[in-house]
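Everything below concerns the one structure shown next.
The values are calculated or read from the model by the stated rules, or taken from the named source; none is laboratory data. All values reported here derive from a predicted model rather than from experimental measurement. With ideal geometry, Cβ positions are generated from the backbone for all residues, glycine too; neighbour counts draw on all protein chains shown. Ligands, DNA and RNA are excluded from the accessible area calculation, which covers all protein heavy atoms including side chains. Shrake-Rupley method; radii C 1.70, N 1.55, O 1.52, S 1.80 Å.
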Amino acid sequence: MPTSLTRSALGHFLSRLAAVGLGLVLLGLAARGGPAEQGVFSLLVATEAVYAALFSGFGLVVARQVSHHREAAARWLGGALGLALGAGGVGALAFWAAGGALADAPAYRYLPALALAAPWLLLTPTVSGLYLGLGRMGPINALTVAPPALALLALGAGALVGQALTLWTVVIAWLGARVLVGLAGAAWAWHDQRGQAPDWPAWRAQAGFCAMLGLTNLISWLNYRIDLFIVEAYGGLSATGVYAIAVTVTELLWFISSSVSAAAYGRIGQPDREAAARLTVRLVHFNLGVLLVASPVLLGLAAWALPRVLGEPYADTVPLMLWLLPGVWAYGCASTLSAYYTNFLGKPRLSAAVAGVSLLINVGACLLLVPRLGATGAAIATSLSYGLAIAWGLALFRRHAGLRWRDLLRPSR
């Protein structure tokens, strides 16, 4: 990779690593109440992630207009923030209604709290999309690290004044930090880019593309998290808590590949087809090679650390990780392929198709295996779905990039 791209990817990876480390501390605090409480927290985090994915198109529209079409960011920022706030209001009503309907379900007892935070939770991914298109990783890194750091500071301050640590306090600190960071990030972006009044006619012209982006990312996140909800339905909250830790730790591998893809997002969107395809192939090879080396290291660290840090019930995460790792490794190139489909081709439906195939395989296999094998069945189903889907995704990329199979599969330096 070019030196500047390597530096950007490394900086983003380190920031993601710091954010994950802080996030794992939050997970550890939630896990102190046992796997069941950890399961509740993991389901809430997954629900918020799926919600953010549904409306992620606002920031990615800005990213493409800036990187691919070379337009001024100020023209698009006002509309993106306005749409994020409007969609956040709709999300708040939906979560409030869902919280009322599921009032008797312990797994979803914190949906009303999510409803109160929902209007502001879409600001951070929207601002991140802006800087993704500009290729400026510094603000993205700050937006990545700040929420868990601020949440832990709030919990620490509470402990100093005698506030008891409960799952409720962890949830409030987590949501509150995300709200504050979103508001601060939006204010800074408006000042930094000299935001303008929304250009609604321009946004209307992007409505279809924006909706497809949101649908694509919604399908992708459901693909990543649908197994969690199925495990809860068949195995209960304790099994969900253990499985959620296995998934979270295994997916740390993706922070390497997604950091590289994020740093290269603007360059992948360059108008030169051959250069964009060549860069995409190099990043696919790089990501898969690095993840192949990192996988056994991660597994060894998890086997040593998880039982000691979280307790013996979490020793069961290691066998689950063994089943998850092959599929997670293969899916490590998905973020790079998605950047090519979305930012260069302007066809997010291709990403949606790949994620949709993976989702269908995942759901079908989970419904078949989870009742029989529990969380192990979910891990097997997830790994299988990732592997089959990414094989098809590579075939789609090869065809649209006009490459031969040997050009795609032959490692490059």
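May I ask for the net charge around Leu373, where only other residues with Cβ less than 14 Å from the Cβ of Leu373 are counted and Lys, Arg are +1 while Asp, Glu are -1? Don't jump to the answer; show the numbers that get you there.
Values: positive: Arg372; negative: Asp227, Asp316.
Cβ neighbours under 14 Å give a net charge of -1.
Sorted by average packing, counted as other Cβ atoms within 10 angstrom per residue and highest first, what order do 257-263, 358-364 take?
Sorting 257-263, 358-364 by mean packing, highest first, produces 257-263, 358-364.
Go ahead and estimate [θ] at 222 nm for the chain from helices alone: -39,500 (n - 2.57) per DSSP H run with n ≥ 4, summed, over the residue count, rounded to 500. Numbers along the way, then the final one.
On the way: 17 runs with 345 residues, N = 413.
Mean residue ellipticity at 222 nm (helix-derived): -29000 deg cm²/dmol.
Is the range 8-120 rounded, prolate or oblate when judged by the Cα gyration tensor, a ≥ b ≥ c being the square roots of its eigenvalues, rounded requiring a/c under 1.5 and prolate requiring a/b larger than b/c?
Values: a/c = 3.65, a/b = 1.40, b/c = 2.61.
Note, shape of the range 8-120 comes out oblate.
For the range 239-254, in order, what is each residue's ³J(HN,Hα) by Karplus, 6.51 cos²θ - 1.76 cosθ + 1.60 with θ = phi - 60°, in whole Hz (x at glycine and Pro)?
For the range 239-254, the Karplus-derived couplings read 4, 5, x, 5, 5, 4, 5, 4, 5, 4, 5, 4, 6, 4, 4, 5 Hz, x marking Gly and Pro.
So for the pair Arg32, Trp304, with labels modelled 7 Å out along Cα→Cβ, what separation do we get in nm?
2.6 nm
Output wanted: per-residue J couplings in Hz (rounded whole) for the range 202-210, from phi through Karplus 6.51 cos²θ - 1.76 cosθ + 1.60, θ = phi - 60°, x for Gly and Pro.
Along the range 202-210, the couplings run 5, 5, 4, 5, 9, 4, x, 4, 5 Hz.
Students often check this: by mean Cβ neighbours within 10 Å, which of 97-108, 226-237 ranks highest, and how do the rest follow?
226-237, 97-108
Can you give the FRET efficiency for Leu183 and Ala94, using 1/(1 + (r/R0)^6), R0 = 30 Å, r = Cβ-Cβ distance, to the nearest 0.05? Each step should come with its number before you reach the end.
Working: r = 21 Å, r/R0 = 0.71.
That pair, Leu183 with Ala94, gives E of 0.90.
Assign one of three labels to the range 61-193, namely rounded, prolate or oblate, based on the Cα gyration tensor with a ≥ b ≥ c the square roots of its eigenvalues; rounded applies when a/c is under 1.5, prolate when it is not and a/b is larger than b/c, and oblate otherwise.
Numbers: a/c = 3.10, a/b = 1.57, b/c = 1.98.
Oblate shape, in that a/c is at least 1.5 and b/c is the bigger or equal ratio.
Could you check the simple spin-label distance between Asp104 and Ala197, using points 7 Å along Cα→Cβ, in nm with one decimal?
Computed distance between label sites Asp104 and Ala197 equals 5.3 nm.
What would the Debye formula give as log10 I(q)/I(0) at q = 0.06, 0.07, 0.09 Å⁻¹ for the alpha-carbon point model of the chain, no solvent?
Taken in order of the listed q values, log10 I(q)/I(0) reads -0.23, -0.31, -0.53.
Among Ala159, Tyr243, Ser338, flag the residue with its Cα farthest along the positive direction of the charge dipole of the chain, charges on Cβ as +1 for Lys/Arg and -1 for Asp/Glu.
In the chain, that residue is Ser338.
Sketch the reach of a paramagnetic label on Trp168 as a point 7 Å from Cα along Cα-to-Cβ, and name the residues of the range 71-110 whose backbone nitrogen lies under 15 Å away.
Inside the label zone: 109-110.
Debye sum, Cα scatterers, the range 235-362, no solvent: what log₁₀ I/I(0) at q = 0.11, 0.12, 0.17, 0.19 1/Å?
Here the Debye-derived log intensity ratios amount to -0.47, -0.54, -0.90, -1.02.
Compute the Cα gyration tensor for the range 306-376, then decide on rounded, prolate or oblate, letting a ≥ b ≥ c be the square roots of its eigenvalues: rounded whenever a/c is under 1.5, prolate when a/b is larger than b/c in the other cases, and oblate in all that remain.
Oblate, since a/c reaches 1.5 and b/c is not below a/b.
Looking at Ala375, Ser351, Gly182, which one has the Cα that reaches farthest to the positive end of the dipole of the chain (charges on Cβ: Lys, Arg +1; Asp, Glu -1)?
Ser351
For the range 103-178, which whole percent of the accessible surface, found with a 1.4 angstrom probe, sits on carbon and sulfur atoms? Don't jump to the answer; show the numbers that get you there.
Details: 2150 of 3070 Å².
Summing carbon and sulfur atoms, their accessible area is 70 percent of the total for the range 103-178.
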